[in-house]
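Structure, as structure tokens:
The values are calculated or read from the model by the stated rules, or taken from the named source; none is laboratory data. A quick note: this is a predicted structure, and the numbers were derived from the prediction, not measured. All Cβ positions, even for glycine, are placed from backbone atoms using ideal geometry, and neighbour counts span all protein chains on display. Areas reflect the complete protein model, heavy atoms only, side chains present, ligands, DNA and RNA absent. Shrake-Rupley method; radii C 1.70, N 1.55, O 1.52, S 1.80 Å.
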Amino acid sequence: MDKIVIRGGRKLRGTVRISGSKNAALPIMAAALLGDGPSRIRNVPRVADIRTMSDILSSLGARVDFPKPHEVVIDPAGLSNPTAPYELVSKMRASICVLGPLLGAIGKARISLPGGCAIGSRPIDLHLKGLNQLGASMRLSHGFVIANGKRMRGADVFLGGRFGSSVLATANILMAAVKTPGVTRIEGAACEPEIVDLARFLQAMGARIGGVESHSLRVEGVRRLKGVDHTLIPDRIETGTYMIAAAITRGELFLKGARADHLRAVIEKLQEAGVWVEARAGGIRVNGAGARRVVEITTHPYPGFPTDIQAQMMTFMTVSPGISVITEKVFTERFMHVPELNRMAARISLEGSSAIIRGVRALSGAPVMASDLRASAALILAGLVARGETTVDRIYHIDRGYEDIEGKLKRVGAAIERIR
Ligand code: UD1
């Protein structure tokens, strides 16, 4: 198994090119199943989750080609098999987003219940409830969700859950509704930039969607959709991670291709913490040389502070003076990085769904274990500033969502190696 070894203490300087959004790519690749012809998706990140989605779509009978490293062409002509098997779905929880497109495209789906990131229990009740409200019949059998959408009709769907809106449930209902006769109203819809990108992709295919960027979507079902050419938005979570890399090493990075308008909450909190951030044409510049201040953060659905940047931000706070607090309101148990950071001499204690972080002068390099995608990023950030050497094990987690992280960090001055 690969490991990443980092020698801490180098200031990062230079330009990092931000990749396309993984979380936009996954549902958009699935949405390509709804077209009458092939769709070309550009700016696709080279990460393991994209491969997994490509394997799932191929197993359903679609043809998936990568004519260039960052481009995928999906031809749904051969789509016939409604089953997404356990071997593939268990690798990636987001595989559930083929459910809506399968119902919209062939009226049936048989999806293994998902596995994926180990961040607490991750139910799919909102996905099932929403599809049910559209008239799909759903049952669970031997670890599979078996759905029949032959009688789907436009309807009013409410997707607000205990923890707010759900990104992939919104994606699933939207993708199921675009070819369903009648009008569907989705209230309590997620409005993350990845959902907006999906809606734009579907609109280009010919879907009629109103209310994009809001919590209420209105969909008027159409009979046919065409294949299209689409360029993905930049990855805001990768961007946030490199913003924190610049901040924590007291360096300066230009994040080429990044969109500041997708990261307002993160930029505001970093500025509050004493980091200099400036949106420029074509990217974001970040400088971490200034004096640091204590901040309090609560994660929320968009436009709030993203849960996917919580772990990385916590690493930053471990070396900021004073006592900072992070409250996790989206995945209330998402703290697997805490014991690992504490092994590196951080001082973090947990109080329910809040983490109390007492800033220390320095972290101490240690062997640590990645437990999920964003926790791995947090440990790499810790390694960048820790005294001595940090070895991050189980980095297949990071390869799921960060394109060439060691190459990108090395080019801006980090002492980082992958050991195969
Ligand atoms: C997506 C992102 C993930 C991110 C998350 C929250 C992708 C591929 N993944 O995941 O990186 O961390 O949004 O921003 O885009 N919930 C329910 N019932 C459901 C569905 C969700 O209770 O049926 C709860 C979840 O447990 C969680 C909250 O709703 O507490 C938000 O989860 P959700 O937005 O659904 O996350 P994903 O779409 O799976």
Original post:
If residue 24 satisfies every condition in (1) over 27 Å from residue 247 (Cα atoms); (2) buried (at least 24 other Cβ atoms within 10 Å of the Cβ); (3) within 16 Å of the ligand (Cβ to nearest atom) but one, which is the exception?
Top reply: (1)
Original post:
Here are 328, 272, 333: which of them is of a type outside the set (Lys, Arg) and more than 16 Å from the ligand (Cβ to nearest atom)?
Top reply: 272
Subject >> Subset of segment 181-208 (residues that are polar (S, T, N, Q) and surrounded by fewer than 24 Cβ atoms within 10 Å (Cβ to Cβ)) >> reply: 203
**OP:** Output the residues belonging to segment 59-78 that are part of a strand (DSSP E or B), surrounded by 17 or more Cβ atoms within 10 Å (Cβ to Cβ) and not β-branched (Val, Ile, Thr).
**Re:** 75
**OP:** Kindly list, by first and then second residue, each pair from a residue in segment 299-313 that is outside any helix (DSSP H, G or I) and of a type outside the set (Ser, Thr, Tyr) to a residue that is within 9 Å of the ligand (Cβ to nearest atom) and open to solvent by 20 Å² or more (accessible area, probe 1.4 Å), limited to pairs with Cβ atoms under 6 Å and residues at least 6 apart or on different chains.
**Re:** 300/329; 301/164; 301/165
**OP:** May I ask you to verify whether residue 361 is out of contact with any helix residue (DSSP H, G or I) (no Cβ under 8 Å at 6 or more places or on another chain) and more than 28 Å from residue 52 (Cβ to Cβ)?
**Re:** yes
